[in-house]
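Heads up, the thing below is written out as structure tokens.
The values are calculated or read from the model by the stated rules, or taken from the named source; none is laboratory data. What you are looking at is a predicted structure, and each value in this text was computed from that prediction instead of being measured. Neighbour counts are summed over all protein chains in view; Cβ atoms, including those assigned to glycine, are modelled from backbone coordinates with ideal geometry.
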Amino acid sequence: MPFVSDVAIQEMQIEDYDEVYKLWSNTPGMGLSDADKKENIQKFLLRNKGLSYVCRHGDRIIGTVLCGHDGRRGHIYHVTVVEEYRGKGIGRRLVETSLEKLKSEGINKCHLVVFADNAVGNAFWASTGWDKRKDIFIYSKSI
């Protein structure tokens with residue numbers, strides 16, 4: 001297995017979409033919807049320039065973080081690392097890269113949503129210093 005030094009963190013480009021979407025689709029616990037269609041991700045990346053990243057090992061994308069903000073708070077979506085590369089700090093590096101960029105844009109708080117039954121995701125966020133909120137609920141409405 002390669003060491004973390006063998007990988008490169010790069011800004012996500014729309015040209016990465018097909019490989020990124022395949023990775024997302026093969027990640028248990030990752031919720032995908034129409035919002036994740038190519039044209040929507042392209043709009044998201046343009047609106048949130050320099051906040052989303054991929055991790056590459058050679059020509060292969062092995063990790064992603066999709067990140068944006070609304071001017072007040074950051075939001076992280078779709079963090080994943082290919083299973084055989086997990087536990088090497090790649091997910092942590094991807095998230096830290098996005099958080100540093102958010103901070104440079106004056107955003108001082110970030111939120112994320114994890115499905116309750118996503119054991120891997122919940123364990124990752126708990127192990128990286130994120131607080132699980134018990135004082136709020138998330139409501140959604142399709143429009």
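Brief remarks on what is shown
- Only one of GLY121, GLY68, GLY63, GLY87 that is at pLDDT below 95, under 26 Å from LYS22 (Cα atoms) and either surrounded by 13 or more Cβ atoms within 10 Å (Cβ to Cβ) or touching a His at 6+ places or on another chain (Cβ under 6 Å) (or both): GLY121
- Among (1) in a strand (DSSP E or B); (2) under 28 Å from ASP117 (Cβ atoms), the one test that LEU32 misses: (1)
- Single condition ALA116 does not satisfy, out of (1) surrounded by fewer than 16 Cβ atoms within 10 Å (Cβ to Cβ); (2) assigned to a strand (DSSP E or B): (2)
- Test for ASN26: is it out of contact with any helix residue (DSSP H, G or I) (no Cβ under 8 Å at 6 or more places or on another chain), buried (at least 21 other Cβ atoms within 10 Å of the Cβ) and either free of Cβ contacts under 8 Å to residues at least 60 places away in the same chain or within 18 Å of PHE115 (Cα to Cα) (or both): no
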